[in-house]
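The values are calculated or read from the model by the stated rules, or taken from the named source; none is laboratory data. Only a predicted model underlies this, so the values are computations on that prediction, with no experimental measurement involved. All Cβ positions, glycine included, derive from the backbone under ideal geometry; neighbour counts span all protein chains shown.
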Amino acid sequence: MISDELLVGCLAIGVSVIALAIACGPWNRPYQIRSMAALSSRFGKPTARGIWFLIAIVAGGCGWSILNEIRPAYATPTLREESAR
C-alpha cells in the first residue's frame, strides 16, 4: 500500500466519523452551514440529518475501498520504484 492511499483512506474514514457524529449528535452549529440551513428550512431537520448520514456512508465506503485497494478493472497501480527507473 502506498502511503498516499493510507493518508487519503484515513482522511475519508475521519470525515465519515465526523459526519456520523454530526448526524447523531445534539449539535445545531453544523446545520447553520448555508446548504444545510436551506435543506433544514425547506424539508426539515430530519432530512438534513439524513444528508449528514448519507455523507458519512459515502465517505466511509470510499475510505474503506481505498484502504482495501479496490480499483476499477482498467486501473493498474503504479509503484514508485518502477516509475523511477
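Assorted remarks:
- Taken over region 1-30, the criterion of being in contact (Cβ under 8 Å) with a residue 12 or more places away in the chain and over 18 Å from the mean Cα position of the chain (by Cα) is satisfied by M1, I2.
- Within region 1-31, the residues that satisfy the criterion of being surrounded by 16 or more Cβ atoms within 10 Å (Cβ to Cβ) and small (G, A, S) are G9, A12, S16, A19, A23.
- Yes/no for S41 being of a type outside the set (V, I, T), surrounded by fewer than 13 Cβ atoms within 10 Å (Cβ to Cβ) and in a helix (DSSP H, G or I): yes
- In summary, I55 fulfils each of the numbered conditions (1) in contact with a Lys or Arg (Cβ under 7 Å, 6 or more places away or on another chain); (2) at pLDDT 95 or above with the single exception of condition (1).
- Output for region 48-60, where each listed residue is surrounded by fewer than 13 Cβ atoms within 10 Å (Cβ to Cβ) and either touching a residue at least 12 places away in the same chain (Cβ under 8 Å) or over 16 Å from the mean Cα position of the chain (by Cα) (or both): none
- Among residues of region 67-85, those that are at pLDDT 65 or above and either more than 28 Å from G14 (Cβ to Cβ) or assigned to a loop (DSSP other than H, G, I, E, B) (or both), counted: 12
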